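*Asks:* Got a structure for you, questions after.
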Amino acid sequence: MGALVECVAVTKAYDPTRPTVLALAGVDLSVQAGEMVAVMGPSGCGKSTLLHLLGGLDIPTTGRVVMGGQRIDTLSEARRAVLRRREVGYVFQFFNLIANLSVADNVELPMLLAGCRPDEASRRRGELLERLGVDRFADRPPGDLSGGQQQRVALARALANRPALLLADEPTGNLDSAATTEVLGLLSDYHVAGQTIVLVTHDPRVGAAGDRLVTMEDGLVRADEHRNILARGA
Ligand code: ADP
């Protein structure tokens, strides 16, 4: 299978008045369809920036980002927003659920925004919440749920539009050990079912769950280790 998304010679300078201060200093990374890639490295080394560029949340200063064979860094902000909605799911460390919407509405919203019919959004929300083991909370506000439960809801929301690419930025960074195991298990299940995932983590246990480990330092990829995907238990 070909690359689902790739960064080619990407740099990122956040401050145009300080163009030599680079969050990314020349990164090449190609993610194949179906891979689960873990990105690790010290705080500030550029992991989140890389994730944002892969998902079209931001654009590089120089270099290219290509998704499904199409350059996305040259698209207008509006077209990138459409592409993100359809092709990219995002999970954050602090869940980022909308506090004054029910769990059900949090998961249905991205589908409705993408033009899905309300009855179809509701059906699919039911399926996702059940699969992720949080359907009993559908009518509750997210604040009633534990961290692990909220991250399951966030995962349901991220997967709602069946994105080609699931990005997760420290998805277990705010969870205890038991909830980490649960969320990691769910991510692995989706991966085994074919979901392409790129996740950023500080947790070596989470890093070891991928079939590829990318290590970053000072805005550069220092190591890119592929594991034996057969060892995943296929
Ligand atoms: P990591 O995810 O590895 O902690 P980041 O990608 O968040 O690293 O940050 C890389 C560098 O870019 C850091 O020096 C950080 O301070 C800087 N940075 C990140 N986001 C912004 C931003 N929105 N504006 C300015 N600087 C930023």
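*Asks:* Within the range 137-171, find all residues whose amide N lies under 15 Å from a label point positioned 7 Å from the Cα of Arg85 along Cα-to-beta-carbon.
*Replies:* Inside the label zone: 160-163.
*Asks:* Using only DSSP helix segments of four residues or longer, with each worth -39500 (n - 2.57), what per-residue ellipticity at 222 nm results for the chain after dividing by its residue count and rounding to 500? Mind dumping the intermediate values first?
*Replies:* On the way: 7 runs with 77 residues, N = 234.
About -10000 deg cm²/dmol.
*Asks:* Rounded if a/c is under 1.5, else prolate if a/b is larger than b/c, else oblate: which is the range 94-172, with a ≥ b ≥ c the root eigenvalues of its Cα gyration tensor? Don't jump to the answer; show the numbers that get you there.
*Replies:* Values: a/c = 1.60, a/b = 1.18, b/c = 1.36.
Taking the square roots of the gyration eigenvalues as a ≥ b ≥ c, the range 94-172 is oblate.
*Asks:* Continuing with this model, one more query. Once you order the gyration tensor axes a ≥ b ≥ c over the Cα atoms, which shape class does the range 40-131 get: rounded for a/c under 1.5, otherwise prolate or oblate by comparing a/b with b/c? Don't skip to the end; give the middle numbers.
*Replies:* On the way: a/c = 2.64, a/b = 1.55, b/c = 1.70.
Oblate, since a/c reaches 1.5 and b/c is not below a/b.
*Asks:* What is the range 125-234 by shape, rounded, prolate or oblate, if you read a ≥ b ≥ c off the alpha carbon gyration tensor as root eigenvalues and call it rounded for a/c under 1.5, prolate for a/b larger than b/c, and oblate otherwise?
*Replies:* Details: a/c = 2.07, a/b = 1.65, b/c = 1.26.
Prolate, since a/c reaches 1.5 and a/b exceeds b/c.
All of the numbers you see were taken from the coordinates with simple rules; none came from a lab. Bear in mind the structure is a predicted one, so any value in this text is a computation, not a measurement. Note: ideal-geometry Cβ built from the backbone for every residue, glycine included; neighbour counts use all protein chains shown.
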